[in-house]
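Here the structure is laid out as structure tokens; the discussion comes afterwards.
The values are calculated or read from the model by the stated rules, or taken from the named source; none is laboratory data. What you are looking at is a predicted structure, and each value in this text was computed from that prediction instead of being measured. We place every Cβ from the backbone using ideal geometry, glycine too, and count neighbours over all the protein chains shown.
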Amino acid sequence: MIRQTLTGGPVHPAARIHARDALAGKLDRREFMARTTALGLTAAGASALIGLSAPALAQSAAAPRRGGTLRMQMEVRQLKDPRTFDWSEMAWVASGWLEYLVEYNNDGSFTPMLLESWEVSDDAMHYTLNVRPGVSWNDGTPFTAEDVAFNIRNWCQRDAEGNSMAGRFAVIIDDATGEAMDGAIEVVDDLTVRLNLPAPDITLIAGMGDYPACIVPQDYDPADILSTQKGTGPYLNVEHAIGVRSVLVRNEDHDWWGYAAGKGAWLDRIEFIDYGQDPVSWLAAAEAGEVDLVYESVGDFIDLFDALGWTRREVVSGATIVIRPNQLAEVDGMRPYADKRVRQALVKAVDNTVCLDLGYAARGVPADNHHVAPIHPEYAEVPRLPHDPAAALALLEEAGMADFEFELVSIDDDWRRNTTDAVAAQLRDAGFSVTRSVIPGSTFWNNWTTFPFSSTNWNHRPLGTQILGLAYRSGEPWNEFGFASDDFDSLLAEANAIADADARREVMARLQAILVEEGVTIQPYWRSLYRHHRPEVVGADMHIAYMPRLYRFGFAG
Amino acid sequence: MGLFILRRLGVMLLTALCLTFIVFFLTNLSPNLEKLAKTQGNFRMTDAQVESFLRDRGYLQPTIVKYGQWLGVTPGWVIEGRDGTVRSKCFGELETGDLPEGETNLCGVLQGNWGYSTVFRDDVGEIIATRLALTGKLMFWVMLVMVPGALVIGVLAGMREGSRTDRSLSTVSILTTATPEYVSGVVFIAVFASSAVGLRWFNGSATSAMEQATFVNFTLPVMTIALYGMGYIARMTRASMTEVMTAQYIRTARLKGVSFRNIVLKHALRNALIAPFTVIMLQFPWLLNGVVIVETIFNYKGFGWTLVQAAGNNDIELLLGVSVVSVFVVLVTQLLSDIGYVYLNPRIRIS
């Protein structure tokens, strides 16, 4: 008999509704898994509901052998307070000793890590988090519910500079104090935390699985997490040279909970080596045998890595690129993109399929400029503004901007530059005057949110409402669009209060329609993500959200 | 002679001062400071926040004052920020608001404090020492390949002017010296390292050479730099050699029946090497130039790579450190070349 829920408690009623939908073909399997596991079902239990046998877990048939040094191409960036991480690569290093409460899987489901299980109440206003027993910090002290409560409170500090976790936990943040509300986080006993929400929110578990959600100890130093390295994970960092390399080695003095749980942590040593942002260097490193796997393979390099005889790992995702104007940006003393007609003109002039073909070698599916992917549970089919270059130019003329010189900025890399070039070329074809600026990666990210007109890559996130909350809600730190709309914000709050994805879809359709109608961004396609590694590396699947799962990595035995 | 060296050292100091001041001035222009503030703080800072960030950290003082503090001739700043924290250049955040008793408030280059790199989060002195050592390793092998190679080619070409050997070696020299590193580096990688041609004799990445240099991972970067300089030095050697070979005393020696081999090795060579010596010394600054490109192409994290990173991120103190070292290298090699020239060629007298 398989256990259906993580806690052994009764199955959430919505899960049975989802199961019915899934069997009726209204839900695909990924969506079904994402929704039901977020409600506290086990992956096996969820599969059983729709009559599938327990899914083969992502562990490969050949169990890795213990030991070995893995060398990985990855940018090595300055570490900071985990809740302010703005690069997955930071989390890759920190995840050596800082772990997550839950883990998001490639099939859209959630697996408990530092939590043993969780339950969500029917109205999605009460979460019961059960802390995994027997977990200890690497200084020997036990990991308790107090630690979980501390981290959630820590995430809720809205005024902490750059804290993006506050966006994910906005529902329990007190507007007046900018901190977690009184009574929202309740420590029931040593191993139980209850979250009492003032309004329903379905994204909290997903938020706990995102890369800035590393669980830090209560006495951590936000300014320098490398100094003490107190954490629950199996590795320690012994060298972190920014731009050069970062090295994790097994913490021999620490009895990691995962050893007993059969999680792995096979490798003795993991080296992240920085080869800059040019994939040519990554390929050179692979050819030279200096690395065993790359962080990500992109564009034409996918074929080149194939040609090396490396193993290709692929996952279809909601990762994308936006080519967006910033509505607040000033150019020559005016705000060219504050005018909706200008934004709509930009969107109408661009055929998204062309961007996909030229920019990403057709490795993905075209999108509709509203940044909600078909693989998101609440996706509603909302068409883009029609591609019509003639109408675009007419709109531009109507706005009195026909002779405006658009400066389109992108980072200097492969697919992002090519896609941005494809947009620029189509704008020129439509009669716009466009100059392109290509900025090296070392300086591009210094002010990525404030370029007047530029392209940015966005990672996949489990729920559509999450990405809208992070990137499009007014005043969010990552709102690079300068987009602020009260209607949008209140609809988003409404969507976040609907536990059932089908019901939520109606609100979602309106949100997506606002983004399309306002011409907020060109968001041309959804990417498939790829990673290559040497054939003897195992457990290094590409992750849909670039999450580090270092404990799975190893060499074939 | 002593006076001459002293004077050269004086010039060196003056050049270093001027150059660092120019770099200091440029990196402290207000758009650069704003960029720095946004990288250090966060990207969404308002103009007022940027201003208070910069003010609290001493960036908004007059440039000349800041420069004095960097040098260590004027006392480091102590500023009470708007948040109430008292910060100082030399002692970090001051909890009591007072400087520690009995310590001088000078912490600049003269006191041995090169500052702190905002990109690498480390002491500038330490970064430069590490990176310079790596570039030193690269340079050593470049010199080892370049100098003997160039001299042999030059002498072989110059001993019989106009011969077939001379023509072909000269062509090769001109070809290598006319090919800049960013061209030859890429061509070498494509031909010798990539699957495109399929030779794959060497590595197209020298990252592993930082720890353990081998024939496979270090050949291409070394050859890329060496070939460029080699052609130039070979040309100079050849010119000097042909000139010597037409001199009266060589003709006399030939008429007396000295073998060609002995003429070249015993009589011509020493005189022919005077001119190349200067050129070789002057190659050092050129090499410093070349490593910027080669280290970036081959991902070898030495001095040139550091310069690129520092410049790209407006890392003021690191960039200044890099400039000082560069000035030092250029002027010291010139000084050595002048002194060496005197010893090699007794006809030259320093007035």
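For A:F451, indicate whether it is in contact with a helix residue (DSSP H, G or I) (Cβ under 9 Å, 6 or more places away or on another chain), over 30 Å from A:Y104 (Cα atoms) and either of a type in the set (F, W, Y) or within 14 Å of chain B (Cβ to nearest Cβ) (or both).
In short, yes.
Give me a count of the residues in segment B:294-339 that are within 14 Å of chain A (Cβ to nearest Cβ) and either within 21 Å of B:G204 (Cβ to Cβ) or touching a residue at least 60 places away in the same chain (Cβ under 8 Å) (or both).
Matching residues across segment B:294-339 total 21.
Spot the failing condition for A:T353; the list is (1) touching a helix residue (DSSP H, G or I) at 6+ places or on another chain (Cβ under 6 Å); (2) part of a helix (DSSP H, G or I), and only one is missed.
Condition (1) is where A:T353 drops out.
Among (1) buried (at least 22 other Cβ atoms within 10 Å of the Cβ); (2) within 11 Å of chain B (Cβ to nearest Cβ); (3) hydrophobic (A, V, I, L, M, F, W, C), which single condition is A:V280 missing?
(1)
For segment B:62-84, give me each residue that is surrounded by fewer than 17 Cβ atoms within 10 Å (Cβ to Cβ), out of contact with any Ser or Thr (no Cβ under 9 Å at 6 or more places or on another chain), modelled with pLDDT of 85 or more and under 22 Å from B:E103 (Cβ atoms).
B:V73
Out of the residues in segment A:107-118 that are buried (at least 19 other Cβ atoms within 10 Å of the Cβ) and out of contact with any Lys or Arg (no Cβ under 9 Å at 6 or more places or on another chain), state the one that is nearest to A:E75 (Cα to Cα).
A:F110
Given the structure, is B:T176 β-branched (V, I, T), farther than 18 Å from A:A285 by Cβ, under 27 Å from the mean Cα position of the chain (by Cα) and more than 14 Å from chain A (Cβ to nearest Cβ)?
yes
Only one of these is hydrophobic (A, V, I, L, M, F, W, C), more than 14 Å from every other protein chain (Cβ to nearest Cβ) and out of contact with any helix residue (DSSP H, G or I) (no Cβ under 7 Å at 6 or more places or on another chain): A:A402, A:A422, A:A390, A:A430. Name it. Talk me through it step by step, then tell me what you get.
Details: A:A402 fails: out of contact with any helix residue (DSSP H, G or I) (no Cβ under 7 Å at 6 or more places or on another chain); A:A422 fails: out of contact with any helix residue (DSSP H, G or I) (no Cβ under 7 Å at 6 or more places or on another chain); A:A430 fails: out of contact with any helix residue (DSSP H, G or I) (no Cβ under 7 Å at 6 or more places or on another chain).
That would be A:A390, the only listed residue that is hydrophobic (A, V, I, L, M, F, W, C), more than 14 Å from every other protein chain (Cβ to nearest Cβ) and out of contact with any helix residue (DSSP H, G or I) (no Cβ under 7 Å at 6 or more places or on another chain).
Filter segment B:232-255 down to the residues that are in a helix (DSSP H, G or I), surrounded by fewer than 17 Cβ atoms within 10 Å (Cβ to Cβ) and among the polar types (S, T, N, Q) and list them by number.
B:Q248, B:T252
Of the numbered conditions (1) modelled with pLDDT under 85; (2) surrounded by fewer than 17 Cβ atoms within 10 Å (Cβ to Cβ); (3) under 27 Å from the mean Cα position of the chain (by Cα), B:N42 fails exactly one; give the number of that condition.
In the conditions (1) modelled with pLDDT under 85; (2) surrounded by fewer than 17 Cβ atoms within 10 Å (Cβ to Cβ); (3) under 27 Å from the mean Cα position of the chain (by Cα), B:N42 misses (3) alone.
Where in segment A:170-256 are there strands (runs of 3 or more DSSP E), lying wholly inside it, with at least 1 residues that are small (G, A, S) and over 16 Å from A:D147 (Cβ atoms)? Lay out the reasoning, then the answer.
Values: elements: A:185-189, A:192-196, A:235-241, A:245-250.
Once the strands (runs of 3 or more DSSP E) in segment A:170-256 are filtered for at least 1 residues that are small (G, A, S) and over 16 Å from A:D147 (Cβ atoms), what remains is A:235-241, A:245-250.
Run down B:T224, B:T219 and say which single residue is away from chain A (no Cβ under 11 Å), within 16 Å of B:G185 (Cα to Cα) and without any contact (Cβ under 8 Å) to a residue 40 or more places away in the chain. Reasoning before the result, please.
On the way: B:T224 fails: without any contact (Cβ under 8 Å) to a residue 40 or more places away in the chain.
Going through B:T224, B:T219 in turn, just one is away from chain A (no Cβ under 11 Å), within 16 Å of B:G185 (Cα to Cα) and without any contact (Cβ under 8 Å) to a residue 40 or more places away in the chain: B:T219.
So which residues in segment B:55-75 are under 20 Å from B:L36 (Cα atoms) and assigned to a loop (DSSP other than H, G, I, E, B)?
B:R57, B:G58, B:Y59, B:L60, B:Q61, B:P62
Are any residues in segment A:288-340 in contact (Cβ under 8 Å) with a residue 12 or more places away in the chain, of a type in the set (D, E, K, R) and within 14 Å of another protein chain (Cβ to nearest Cβ), and if so, which ones?
A:E290, A:D292, A:D300, A:D306, A:E330
With respect to the numbered conditions (1) touching a helix residue (DSSP H, G or I) at 6+ places or on another chain (Cβ under 8 Å); (2) more than 14 Å from chain A (Cβ to nearest Cβ); (3) crowded, with 17+ Cβ neighbours inside 10 Å, which one is the sole condition not fulfilled by B:A37?
Every listed condition holds for B:A37 apart from (2).
For the condition free of Cβ contacts under 8 Å to residues at least 60 places away in the same chain and under 27 Å from A:M508 (Cα atoms), what is the one hit in A:H371, A:H387?
On the way: A:H371 fails: free of Cβ contacts under 8 Å to residues at least 60 places away in the same chain.
When all the criteria are applied, what remains is A:H387.
Of all residues in segment A:444-484 being free of Cβ contacts under 8 Å to residues at least 40 places away in the same chain and touching a Lys or Arg at 6+ places or on another chain (Cβ under 8 Å), which is farthest from A:V342 (Cα to Cα)?
Going through the qualifying residues, I end up with A:N446.
Can you name every residue in segment A:487-502 that is part of a helix (DSSP H, G or I) and farther than 14 Å from A:H376 by Cα? Spell out the reasoning first.
The initial filter retains those residues of segment A:487-502 that are part of a helix (DSSP H, G or I), namely A:487-495, A:501-502.
Listed by number, the residues that qualify are A:D487, A:F488, A:D489, A:S490, A:L491, A:L492, A:A493, A:E494.
Do we have any residue at all in segment B:166-173 that's more than 16 Å from B:I233 (Cβ to Cβ), surrounded by fewer than 17 Cβ atoms within 10 Å (Cβ to Cβ) and in contact with a Gly (Cβ under 9 Å, 6 or more places away or on another chain)?
no
Please go through segment B:199-211 and give me each residue that is of a type outside the set (A, V, I, L, M) and within 11 Å of chain A (Cβ to nearest Cβ), ordered by number.
Correct list: B:R200, B:F202, B:N203, B:G204, B:S205, B:T207, B:S208, B:E211.
Anything in segment A:458-515 that is out of contact with any Leu (no Cβ under 8 Å at 6 or more places or on another chain), more than 14 Å from chain B (Cβ to nearest Cβ) and of a type in the set (S, T, N, Q)? List them, or say none.
A:N459, A:Q466, A:S485, A:S490, A:N496, A:Q512 - these are the residues of segment A:458-515 that are out of contact with any Leu (no Cβ under 8 Å at 6 or more places or on another chain), more than 14 Å from chain B (Cβ to nearest Cβ) and of a type in the set (S, T, N, Q).
Six or more apart or on different chains, Cβ atoms under 8 Å: show the pairs whose first residue is in segment B:107-135 and of a type in the set (S, T, Y) and whose second is surrounded by fewer than 20 Cβ atoms within 10 Å (Cβ to Cβ).
Taking only residues 6 or more apart or on different chains, the pairs are B:Y116/B:D122; B:Y116/B:D123; B:S117/B:D123; B:T118/B:T39; B:T118/B:Q40.
Any chance segment A:535-549 includes a residue that's touching a residue at least 40 places away in the same chain (Cβ under 8 Å), on the phi < 0 side of the Ramachandran plot, part of a strand (DSSP E or B) and touching a Ser or Thr at 6+ places or on another chain (Cβ under 8 Å)?
Yes, because at least one residue in segment A:535-549 is touching a residue at least 40 places away in the same chain (Cβ under 8 Å), on the phi < 0 side of the Ramachandran plot, part of a strand (DSSP E or B) and touching a Ser or Thr at 6+ places or on another chain (Cβ under 8 Å).
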